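Read through the structure below, which is laid out as structure tokens, and then see the notes.
The values are calculated or read from the model by the stated rules, or taken from the named source; none is laboratory data. These numbers come from a predicted model, not from an experiment. So basically every Cβ, Gly included, is an ideal-geometry build from the backbone, and we count neighbours across all protein chains shown.
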Amino acid sequence: MGDYKFRLANKYDIPEITSIYRSLVGTPGCTWNLDYPSEESAVTDIKNEALYILEIDDRIVAVASIGDFNELSNLDWAPQKPCELARIGVLPTMQKQGIGTIILQNVIGVARKKGFDGTRFLVSKTNPAALSLYNKNGFKRCGETFMYGIDFYCYQILFSSD
């Protein structure tokens with residue numbers, strides 16, 4: 001794969017970001033729909049400096065949000081000061097090329113620099129691509145939950161203190 005650029009998203013990226021969100025609706029195991037994630041999700045994440053993109057040849061090919069969203073605090077987790085990973089997606093035409101791993105490793109780096117000791121998130125039990133990505137990158141399944149009308153696995157990773 002060629003050179004890539006990882007950076008914080010800005011308001012000018014919103015059309016491409018929402019296009020990626022929409023391109024994943026209906027793919028195997030994807031729980032997203034035309035209402036979520038939305039342009040408003042992207043606007044909020046950008047305002048909170050939580051939305052990151054991966055570009056190749058000036059084209060956004062992957063997105064991920066990471067931050068203190070406090071959407072999962074009701075579940076038991078190992079990290080004491082965790083952040084949450086959400087709305088991660090890779091353009092369907094760019095999948096199976098290591099791009100998911102690249103954006104995942106980059107957002108984890110951002111989370112570590114911001115002082116979080118781990119990250120947590122939910123993955124649909126029926127999303128084989130996401131499950132493979134997280135298992136391959138050292139995340140551990142730590143439970144199950146039913147939220148938003150969907151059965152999820154809970155995943156987390158603790159950051160080692162270097």
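Exactly one condition in (1) part of a strand (DSSP E or B); (2) in contact with a strand residue (DSSP E or B) (Cβ under 6 Å, 6 or more places away or on another chain) is not met by Gly100; state its number.
(1)
Of all residues in the range 134-149, which are outside any strand (DSSP E or B) and over 18 Å from Val25 (Cα atoms)?
Residues satisfying the conditions are Tyr134, Asn135, Lys136, Asn137, Gly138, Phe139.
Could you grab me the full set of residues in the range 25-45 that are farther than 22 Å from Leu133 by Cα, touching a strand residue (DSSP E or B) at 6+ places or on another chain (Cβ under 8 Å) and either surrounded by fewer than 17 Cβ atoms within 10 Å (Cβ to Cβ) or among the hydrophobic types (A, V, I, L, M, F, W, C) (or both)? Give the derivation first.
Applying the first criterion (farther than 22 Å from Leu133 by Cα) to the range 25-45 yields 34-35, 38-45.
Narrowing further to those that are touching a strand residue (DSSP E or B) at 6+ places or on another chain (Cβ under 8 Å): 41-42, 45.
Hit for the range 25-45 is Ala42, nothing else.
Filter the range 90-124 for residues that are closer than 16 Å to Ala62 by Cβ and of a type in the set (A, V, I, L, M) and give the result. Can you show your working first?
Within the range 90-124, the first condition is being closer than 16 Å to Ala62 by Cβ, and the residues that meet it are 90-110, 121.
Residues satisfying the conditions are Val90, Leu91, Met94, Ile99, Ile102, Ile103, Leu104, Val107, Ile108, Val110.
Pairs only if they're at least six apart or on different chains, beta carbon under 6 angstrom, first in the range 2-27 and without any contact (Cβ under 8 Å) to a residue 12 or more places away in the chain, second in a loop (DSSP other than H, G, I, E, B); list them, first residue then second.
Close Cβ pairs (under 6 Å, with a partner that is in a loop (DSSP other than H, G, I, E, B)) amount to Val25/Trp32.
Applying the selection to the range 1-40, what residues are small (Gly, Ala, Ser) and either closer than 17 Å to Ile56 by Cα or in a loop (DSSP other than H, G, I, E, B) (or both)? Even if it seems obvious, please write down each step before you answer.
So the first thing to find is which residues in the range 1-40 are small (Gly, Ala, Ser), and the list is 2, 9, 19, 23, 26, 29, 38.
Across the range 1-40, the qualifying residues are Gly2, Ala9, Ser19, Gly26, Gly29, Ser38.
Here is a yes/no grid of residues against (1) surrounded by fewer than 15 Cβ atoms within 10 Å (Cβ to Cβ); (2) closer than 22 Å to Glu49 by Cα; (3) within 12 Å of the chain's Cα centre (by Cα); (4) of a type outside the set (Ser, Thr, Tyr):
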{"position": "Ile103", "(1), (2), (3), (4)": "no, yes, yes, yes"}
{"position": "Gly109", "(1), (2), (3), (4)": "yes, yes, no, yes"}
{"position": "Lys113", "(1), (2), (3), (4)": "yes, yes, no, yes"}
{"position": "Gly118", "(1), (2), (3), (4)": "no, yes, no, yes"}
{"position": "Leu122", "(1), (2), (3), (4)": "no, yes, yes, yes"}
{"position": "Thr126", "(1), (2), (3), (4)": "yes, no, no, no"}
{"position": "Lys136", "(1), (2), (3), (4)": "yes, no, no, yes"}
{"position": "Lys140", "(1), (2), (3), (4)": "yes, no, no, yes"}
{"position": "Ile150", "(1), (2), (3), (4)": "yes, no, no, yes"}
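Condition first: surrounded by 11 or more Cβ atoms within 10 Å (Cβ to Cβ) and at pLDDT below 95. Now tell me which residues in the range 1-24 satisfy that.
Passing the criteria: only Tyr4.
Go over the candidates Phe152, Phe116 one by one and state the one that is of a type in the set (Phe, Trp, Tyr), free of Cβ contacts under 8 Å to residues at least 40 places away in the same chain and not in a helix (DSSP H, G or I).
On the way: Phe116 fails: free of Cβ contacts under 8 Å to residues at least 40 places away in the same chain.
Matching residue, one of Phe152, Phe116: Phe152.
In this structure, does Arg87 turn out to be modelled with pLDDT of 90 or more and in contact with a Ser or Thr (Cβ under 8 Å, 6 or more places away or on another chain)?
Numbers: modelled with pLDDT of 90 or more: yes; in contact with a Ser or Thr (Cβ under 8 Å, 6 or more places away or on another chain): yes.
Judged against the criteria, Arg87 is a match.
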